[in-house]
Amino acid sequence: MKKGRIIKLVAGIYTVQDDEKNLYKIRPLGVFRYRNISPKVGDIVDFDNDNILSVYERVNELYRPMIANVDQVLLVNSSKEPNFSFLLLDKFLAMIEAFSIDPIIIVTKIDLLDEEELHELKSQLSYYEKYFKVLYYSSKTLEGVDEILKITENKMNVLAGQTGAGKSSLLNAINPELNLKTNEISKALGRGKHTTRYVEIYEFGSGFIADTPGFSKLEFEDFESDQLKYYYPDFFKFSEKCKFNECTHVHEPKCEVRRLVETGEIPRFRYDNYVTIFNEIKAIKPKYRREDK
Ligand SMILES: Nc1nc2c(ncn2[C@@H]2O[C@H](COP(=O)(O)OP(=O)(O)OP(=O)(O)O)[C@@H](O)[C@H]2O)c(=O)[nH]1
Ligand SMILES: [Mg+2]
Ligand SMILES: [Zn+2]
């Protein structure tokens, strides 16, 4: 019996890598199906030459993409083409927090900004640096590449971000032998439920990384609007001082978060986006919430 990590799943065939980096193409034991166990990419497993025999307990798991044991999500945001969006950034951050996974904010395509634009963006993002790591990067000039290599070391990383943000380009620039398709991959993979389930993680420095098809639209089908407050570490920190225990910071009186927006301690744009997302979640009709978790 051997121990290893699942690094790829295509059409029911799992590729497992052991500590010596040998690869095995195997299937799970048939009995898994009856026990409702479905191994995921990222899982640590015991296996022999034919089968996955058992799956170790997961630290966490994502389901879009289906990946287990994720250490951190690299949230890729393009600074231009498509333009930087704070609303999208805040949505992704909340979603990643909801999975209890650490987000790293990566701002890409900085080669497309002039000095003044970059300075402006950095100053707007400086608030986020109190709560998250923020890195700046260009796949064209490789500016910032060292920080990305350092932060991904020995970790299981997943890329996330809007379609066209530059996720695949980031991997290709750092690891040219990957030769991932850029700019077109989303057409093949981005249609949600009915697309081929193809998930792979790549070796990246001393760690692993997963590319993902980007989203053109993010939806919070999985939780209620009044949970959103838990996924804002910067609001949560002060919520003890709100008059109401379950304050959503939207309409309740004597809300500490709203007071801090007035004093400028919390940027108004971050708060306004919070209210926008809150209302968006509220508007999702229950019957449209996903059931296929
Ligand atoms: N100038 C510049 N262009 C970039 C950079 N990174 C990516 N691009 C371009 O942006 C486009 C989209 O890049 P992709 O890497 O395919 O984006 P993606 O996030 O993988 O997109 P999806 O797979 O659709 O989610 C491509 O045309 C890239 O050449 C960058 O740092 N600078
Ligand atoms: Mg891509
Ligand atoms: Zn409040």
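Here residue 89 clears all of (1) part of a loop (DSSP other than H, G, I, E, B); (2) away from ligand 2 (no atom under 16 Å from the Cβ) except the condition numbered (1). The set of residues from region 237-285 being part of a loop (DSSP other than H, G, I, E, B), within 11 Å of ligand 3 (Cβ to nearest atom) and of a type in the set (Lys, Arg) comprises 243, 254. For region 37-58, indicate whether the set of residues that are assigned to a loop (DSSP other than H, G, I, E, B), touching a Pro at 6+ places or on another chain (Cβ under 7 Å), surrounded by 16 or more Cβ atoms within 10 Å (Cβ to Cβ) and not hydroxyl-bearing (Ser, Thr, Tyr) is non-empty. Within region 37-58, one or more residues are assigned to a loop (DSSP other than H, G, I, E, B), touching a Pro at 6+ places or on another chain (Cβ under 7 Å), surrounded by 16 or more Cβ atoms within 10 Å (Cβ to Cβ) and not hydroxyl-bearing (Ser, Thr, Tyr).
In region 114-135, the condition of being under 24 Å from residue 200 (Cα atoms) and within 13 Å of ligand 1 (Cβ to nearest atom) is met by no residue. Screening the candidates 144, 166 for the property of being on the phi > 0 side of the Ramachandran plot, out of contact with any Phe, Trp or Tyr (no Cβ under 7 Å at 6 or more places or on another chain) and within 16 Å of ligand 1 (Cβ to nearest atom) yields one hit, 166. Cβ-Cβ distance below 7 Å, separation of 6 or more or different chains: which pairs start in region 225-253 with a residue that is among the basic types (Lys, Arg) and end on one that is part of a helix (DSSP H, G or I)? Hits for this filter: 229/235; 229/236; 229/239; 241/256.
Just for region 55-100: of the residues that are of a type in the set (Gly, Ala, Ser) and modelled with pLDDT of 95 or more, which one is nearest to ligand 1 (Cβ to nearest atom)?
Going through the qualifying residues, I end up with 78.
Based on this model, can you work out whether residue 198 counts as at pLDDT below 90, over 22 Å from the mean Cα position of the chain (by Cα) and closer than 30 Å to residue 42 by Cα?
Judged against the criteria, residue 198 is not a match.
Checked against (1) without any contact (Cβ under 8 Å) to a residue 60 or more places away in the chain; (2) crowded, with 16+ Cβ neighbours inside 10 Å, residue 27 meets all criteria but (2).
Taken as a whole, the structure places residue 207 among residues that are modelled with pLDDT under 90, buried (at least 17 other Cβ atoms within 10 Å of the Cβ) and out of contact with any Gly (no Cβ under 8 Å at 6 or more places or on another chain). Within region 14-36, the set of residues being among the β-branched types (Val, Ile, Thr) and either at pLDDT 95 or above or assigned to a strand (DSSP E or B) (or both) comprises 15, 16, 26. Considering (1) within 25 Å of residue 66 (Cα to Cα); (2) in contact (Cβ under 8 Å) with a residue 12 or more places away in the chain; (3) more than 14 Å from the chain's Cα centre (by Cα), the lone condition that residue 94 does not fulfil carries the number (3).
Can you name every residue in region 235-264 that is touching a Lys or Arg at 6+ places or on another chain (Cβ under 7 Å) and either within 16 Å of ligand 1 (Cβ to nearest atom) or among the basic types (Lys, Arg) (or both)? Within region 235-264, 243, 254 qualify. When residue 182 is tested against the conditions (1) at pLDDT below 70; (2) not in a helix (DSSP H, G or I), the lone failure is (1). Looking across region 222-236, the residues that are closer than 22 Å to residue 265 by Cβ and either among the β-branched types (Val, Ile, Thr) or in a helix (DSSP H, G or I) (or both) come down to 228, 229, 230, 231, 233, 234, 235, 236.
How many residues are among the aromatic types (Phe, Trp, Tyr), surrounded by fewer than 17 Cβ atoms within 10 Å (Cβ to Cβ) and assigned to a helix (DSSP H, G or I) if we restrict to region 127-151?
1
The values are calculated or read from the model by the stated rules, or taken from the named source; none is laboratory data. Everything quoted here is computed from the prediction, not taken from an experiment. As a convention, Cβ positions derive from the backbone with ideal geometry for all residues, glycine included, and neighbour counts pool all protein chains shown.
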